[in-house]
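A quick write-up on the structure given underneath.
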Amino acid sequence: MSDQNIININKNIDYWNERVDLAAAFRWTVKFDMHEAVANHFSLAVNDKGTQFLMNPDQMHFSRVKASDLLLIDALDNETMSQPNAPDATAWGLHGAIHRHCPHARCALHVHSTYATILATLEDSNLPAIDQNSAIFYDRYVIDNNYGGLAFEEEGNRCAALLADPKKKILIMGNHGIMVIGQTVADTFNRLYYFEKACKTYIKALQTGKELKVLSDKIAEKTASEIEKYSSTNYRHLEELKFILDEEGSNYAT
(Lines give C-alpha, C1' and ligand atoms only; values in the text may rest on other atoms or scores of the structure.)
Protein backbone atom coordinates (compact mmCIF):
# COMPACT_ATOMS: atom_id res chain seq x y z
CA MET A 1 0.00 0.00 0.00
CA SER A 2 1.38 3.43 -0.92
CA ASP A 3 2.09 6.13 1.64
CA GLN A 4 -0.66 8.25 0.09
CA ASN A 5 -3.21 5.44 0.50
CA ILE A 6 -2.20 5.04 4.14
CA ILE A 7 -2.66 8.78 4.69
CA ASN A 8 -6.10 8.71 3.04
CA ILE A 9 -7.21 5.82 5.26
CA ASN A 10 -5.90 7.48 8.42
CA LYS A 11 -7.80 10.67 7.64
CA ASN A 12 -10.93 8.77 8.65
CA ILE A 13 -9.61 8.67 12.23
CA ASP A 14 -11.29 11.19 14.53
CA TYR A 15 -9.53 14.52 15.07
CA TRP A 16 -7.12 13.90 12.24
CA ASN A 17 -5.91 17.49 11.77
CA GLU A 18 -5.33 17.84 15.49
CA ARG A 19 -3.40 14.57 15.49
CA VAL A 20 -1.16 15.75 12.65
CA ASP A 21 -0.35 19.01 14.41
CA LEU A 22 0.49 17.24 17.65
CA ALA A 23 2.63 14.64 15.87
CA ALA A 24 4.56 17.47 14.20
CA ALA A 25 5.16 19.04 17.61
CA PHE A 26 6.63 15.77 18.89
CA ARG A 27 8.99 15.49 15.92
CA TRP A 28 10.22 19.08 16.22
CA THR A 29 10.70 18.79 19.97
CA VAL A 30 13.34 16.20 19.10
CA LYS A 31 14.84 18.33 16.33
CA PHE A 32 15.12 21.27 18.74
CA ASP A 33 16.64 18.96 21.39
CA MET A 34 13.92 19.61 23.95
CA HIS A 35 13.03 15.92 24.46
CA GLU A 36 14.18 13.45 27.11
CA ALA A 37 14.53 9.74 26.28
CA VAL A 38 11.00 8.24 26.30
CA ALA A 39 9.75 10.57 29.03
CA ASN A 40 7.57 13.72 28.88
CA HIS A 41 4.11 14.12 27.44
CA PHE A 42 2.00 16.35 25.21
CA SER A 43 -1.79 16.52 25.20
CA LEU A 44 -4.54 18.29 23.27
CA ALA A 45 -8.21 18.56 24.29
CA VAL A 46 -10.68 17.66 21.53
CA ASN A 47 -14.10 18.11 23.14
CA ASP A 48 -15.87 21.32 24.20
CA LYS A 49 -15.35 20.72 27.91
CA GLY A 50 -11.67 19.99 27.40
CA THR A 51 -11.89 16.65 29.23
CA GLN A 52 -11.20 14.36 26.27
CA PHE A 53 -7.67 14.69 24.97
CA LEU A 54 -5.07 13.21 22.66
CA MET A 55 -1.76 12.14 24.18
CA ASN A 56 1.37 10.21 23.23
CA PRO A 57 1.51 6.46 23.92
CA ASP A 58 3.44 5.16 26.91
CA GLN A 59 7.21 4.95 26.38
CA MET A 60 7.25 5.87 22.68
CA HIS A 61 10.13 8.09 21.61
CA PHE A 62 9.02 11.49 20.32
CA SER A 63 10.92 10.93 17.06
CA ARG A 64 8.62 7.98 16.23
CA VAL A 65 5.21 9.40 17.16
CA LYS A 66 2.72 9.42 14.28
CA ALA A 67 -0.71 11.00 14.11
CA SER A 68 -2.39 7.58 14.19
CA ASP A 69 -0.42 6.54 17.31
CA LEU A 70 -1.96 9.12 19.62
CA LEU A 71 -4.21 7.90 22.42
CA LEU A 72 -7.66 9.38 23.01
CA ILE A 73 -8.08 9.78 26.78
CA ASP A 74 -11.02 10.86 28.94
CA ALA A 75 -9.91 12.80 32.01
CA LEU A 76 -13.12 11.82 33.80
CA ASP A 77 -12.73 8.08 33.20
CA ASN A 78 -11.49 6.53 36.46
CA GLU A 79 -10.82 3.25 34.66
CA THR A 80 -8.21 4.76 32.33
CA MET A 81 -5.18 3.23 34.02
CA SER A 82 -6.71 -0.28 34.07
CA GLN A 83 -7.22 -0.36 30.30
CA PRO A 84 -4.85 -2.39 28.06
CA ASN A 85 -3.55 0.70 26.24
CA ALA A 86 -3.12 2.83 29.37
CA PRO A 87 -0.95 5.94 29.22
CA ASP A 88 2.09 6.49 31.41
CA ALA A 89 0.96 6.93 35.03
CA THR A 90 2.67 10.30 35.41
CA ALA A 91 1.16 11.48 32.12
CA TRP A 92 -2.27 10.55 33.40
CA GLY A 93 -1.60 12.20 36.75
CA LEU A 94 -0.41 15.50 35.33
CA HIS A 95 -2.31 15.90 32.06
CA GLY A 96 -5.49 14.28 33.33
CA ALA A 97 -5.55 16.78 36.19
CA ILE A 98 -4.93 19.72 33.89
CA HIS A 99 -7.72 18.73 31.51
CA ARG A 100 -10.12 18.14 34.42
CA HIS A 101 -9.42 21.42 36.22
CA CYS A 102 -8.17 23.89 33.59
CA PRO A 103 -10.59 24.08 30.62
CA HIS A 104 -8.58 27.02 29.22
CA ALA A 105 -5.58 24.68 28.83
CA ARG A 106 -6.63 23.05 25.57
CA CYS A 107 -3.07 22.03 24.79
CA ALA A 108 -0.47 21.10 27.41
CA LEU A 109 3.19 20.43 26.60
CA HIS A 110 5.50 19.14 29.33
CA VAL A 111 9.27 18.95 28.77
CA HIS A 112 12.55 18.91 30.67
CA SER A 113 14.28 21.07 28.07
CA THR A 114 17.81 22.10 29.04
CA TYR A 115 17.62 25.84 29.62
CA ALA A 116 14.09 25.99 31.03
CA THR A 117 15.03 23.22 33.44
CA ILE A 118 18.17 25.10 34.47
CA LEU A 119 15.91 28.06 35.26
CA ALA A 120 13.68 25.73 37.31
CA THR A 121 16.70 24.69 39.42
CA LEU A 122 17.69 28.21 40.45
CA GLU A 123 16.79 29.59 43.87
CA ASP A 124 15.15 32.46 41.98
CA SER A 125 13.39 30.92 38.97
CA ASN A 126 12.01 34.18 37.63
CA LEU A 127 12.81 35.05 34.00
CA PRO A 128 13.70 38.76 33.84
CA ALA A 129 12.80 40.70 30.69
CA ILE A 130 16.29 41.22 29.30
CA ASP A 131 15.35 40.98 25.61
CA GLN A 132 12.26 40.83 23.40
CA ASN A 133 11.85 37.07 23.75
CA SER A 134 11.97 37.09 27.55
CA ALA A 135 9.66 40.13 27.65
CA ILE A 136 7.01 37.99 25.91
CA PHE A 137 6.62 36.09 29.18
CA TYR A 138 6.39 39.04 31.54
CA ASP A 139 3.76 38.19 34.18
CA ARG A 140 2.71 35.19 32.05
CA TYR A 141 4.20 32.37 34.12
CA VAL A 142 3.89 30.91 37.59
CA ILE A 143 6.67 29.30 39.62
CA ASP A 144 6.14 26.12 41.61
CA ASN A 145 8.60 25.93 44.49
CA ASN A 146 7.05 22.86 46.11
CA TYR A 147 8.19 19.93 43.99
CA GLY A 148 6.62 16.79 45.43
CA GLY A 149 8.12 13.95 43.40
CA LEU A 150 6.82 12.18 40.29
CA ALA A 151 3.59 13.62 38.89
CA PHE A 152 1.16 10.91 39.92
CA GLU A 153 -2.43 11.98 40.64
CA GLU A 154 -1.88 13.90 43.87
CA GLU A 155 1.09 15.81 42.49
CA GLY A 156 -0.76 16.33 39.18
CA ASN A 157 -3.73 17.89 40.95
CA ARG A 158 -1.43 20.20 42.91
CA CYS A 159 0.32 21.36 39.73
CA ALA A 160 -2.96 21.84 37.86
CA ALA A 161 -4.20 24.17 40.62
CA LEU A 162 -1.25 26.47 39.90
CA LEU A 163 -2.51 27.00 36.33
CA ALA A 164 -5.97 28.26 37.35
CA ASP A 165 -5.27 31.78 36.04
CA PRO A 166 -5.73 31.73 32.23
CA LYS A 167 -3.16 34.53 31.90
CA LYS A 168 -0.41 32.29 33.27
CA LYS A 169 0.47 29.99 30.40
CA ILE A 170 3.75 28.56 31.68
CA LEU A 171 4.34 26.63 34.86
CA ILE A 172 7.99 26.65 35.88
CA MET A 173 8.08 23.39 37.80
CA GLY A 174 10.80 23.93 40.38
CA ASN A 175 13.44 21.17 40.36
CA HIS A 176 11.59 19.51 37.48
CA GLY A 177 10.94 21.23 34.11
CA ILE A 178 8.11 23.22 32.57
CA MET A 179 4.48 22.86 31.54
CA VAL A 180 3.31 25.10 28.72
CA ILE A 181 -0.38 25.54 27.95
CA GLY A 182 -2.38 27.22 25.19
CA GLN A 183 -5.41 27.07 22.93
CA THR A 184 -3.95 25.10 20.01
CA VAL A 185 -0.88 23.03 19.25
CA ALA A 186 0.51 25.84 17.11
CA ASP A 187 0.00 28.45 19.82
CA THR A 188 1.42 26.26 22.58
CA PHE A 189 4.40 24.88 20.67
CA ASN A 190 5.38 28.39 19.60
CA ARG A 191 5.27 29.44 23.26
CA LEU A 192 7.42 26.46 24.27
CA TYR A 193 9.96 27.23 21.55
CA TYR A 194 10.34 30.88 22.52
CA PHE A 195 10.42 30.20 26.25
CA GLU A 196 13.33 27.80 25.80
CA LYS A 197 15.13 30.38 23.63
CA ALA A 198 14.50 33.11 26.21
CA CYS A 199 15.84 30.87 28.99
CA LYS A 200 18.92 30.10 26.92
CA THR A 201 19.63 33.80 26.43
CA TYR A 202 19.16 34.47 30.14
CA ILE A 203 21.36 31.60 31.30
CA LYS A 204 24.12 32.58 28.88
CA ALA A 205 23.83 36.22 29.96
CA LEU A 206 24.30 35.11 33.59
CA GLN A 207 27.40 33.20 32.54
CA THR A 208 29.09 36.42 31.43
CA GLY A 209 29.09 37.63 35.04
CA LYS A 210 28.14 41.09 33.80
CA GLU A 211 25.26 43.15 35.17
CA LEU A 212 22.00 42.49 33.33
CA LYS A 213 20.12 45.25 31.52
CA VAL A 214 16.48 44.55 32.47
CA LEU A 215 13.57 46.20 30.69
CA SER A 216 11.14 48.26 32.74
CA ASP A 217 7.88 46.63 33.81
CA LYS A 218 6.00 49.05 31.55
CA ILE A 219 7.93 48.12 28.41
CA ALA A 220 7.93 44.41 29.27
CA GLU A 221 4.14 44.39 29.66
CA LYS A 222 3.72 46.44 26.47
CA THR A 223 5.86 43.94 24.56
CA ALA A 224 4.01 40.92 25.96
CA SER A 225 0.62 42.47 25.12
CA GLU A 226 1.73 43.34 21.58
CA ILE A 227 2.98 39.82 20.95
CA GLU A 228 -0.33 38.36 22.14
CA LYS A 229 -2.15 40.45 19.53
CA TYR A 230 0.33 39.43 16.84
CA SER A 231 -0.81 35.81 16.93
CA SER A 232 -0.61 34.89 13.24
CA THR A 233 3.07 34.04 13.65
CA ASN A 234 2.11 31.23 16.06
CA TYR A 235 0.12 29.47 13.35
CA ARG A 236 2.68 30.08 10.63
CA HIS A 237 5.58 28.71 12.66
CA LEU A 238 4.03 25.25 13.01
CA GLU A 239 2.81 25.27 9.41
CA GLU A 240 6.34 25.94 8.18
CA LEU A 241 7.71 23.19 10.41
CA LYS A 242 5.14 20.77 8.94
CA PHE A 243 6.19 21.79 5.42
CA ILE A 244 9.80 20.93 6.32
CA LEU A 245 8.76 17.53 7.65
CA ASP A 246 6.77 16.90 4.46
CA GLU A 247 9.76 17.83 2.30
CA GLU A 248 11.93 15.45 4.31
CA GLY A 249 9.48 12.60 3.65
CA SER A 250 8.57 12.22 7.33
CA ASN A 251 5.82 9.75 8.27
CA TYR A 252 4.52 11.93 11.15
CA ALA A 253 1.18 12.53 9.35
CA THR A 254 0.32 8.85 8.93
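The values are calculated or read from the model by the stated rules, or taken from the named source; none is laboratory data. Quick caveat, the model's predicted, so the values are computed rather than measured. Every residue, glycine as well, gets a Cβ built from its backbone with ideal geometry; the counts of neighbours run over all protein chains shown.
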Wholly within the stretch 2-113, which helices (runs of 4 or more DSSP H) include no fewer than the required count, namely at least 1 residues that are touching a residue at least 12 places away in the same chain (Cβ under 8 Å), β-branched (Val, Ile, Thr) and within 28 Å of residue 161 (Cβ to Cβ)? 16-31, 89-101
If we scan the stretch 48-66, do we find a residue that is at pLDDT 95 or above, among the polar types (S, T, N, Q), farther than 30 Å from residue 211 by Cβ and touching an Asp or Glu at 6+ places or on another chain (Cβ under 6 Å)? yes
Of everything in the stretch 91-119, what is of a type in the set (A, V, I, L, M, F, W, C) and under 17 Å from residue 155 (Cα atoms)? Give them in sequence order. 91, 92, 94, 97, 98, 102, 108, 109, 111
Here is a list of conditions, (1) buried (at least 22 other Cβ atoms within 10 Å of the Cβ); (2) in contact with a Lys or Arg (Cβ under 7 Å, 6 or more places away or on another chain); (3) assigned to a loop (DSSP other than H, G, I, E, B); (4) not hydroxyl-bearing (Ser, Thr, Tyr), and residue 180 meets all of them except one; can you say which number that is? (3)
Here is a list: 213, 242, 222. Which entry is touching a residue at least 24 places away in the same chain (Cβ under 8 Å) and either surrounded by 11 or more Cβ atoms within 10 Å (Cβ to Cβ) or closer than 22 Å to residue 21 by Cα (or both)? 242
Only one of these is touching a helix residue (DSSP H, G or I) at 6+ places or on another chain (Cβ under 8 Å), aromatic (Phe, Trp, Tyr) and surrounded by fewer than 20 Cβ atoms within 10 Å (Cβ to Cβ): 235, 193, 230. Name it. 235
Among what's in the stretch 115-151 and is within 17 Å of residue 102 (Cα to Cα) and not in a strand (DSSP E or B), pick the residue that is modelled with the lowest pLDDT. 151
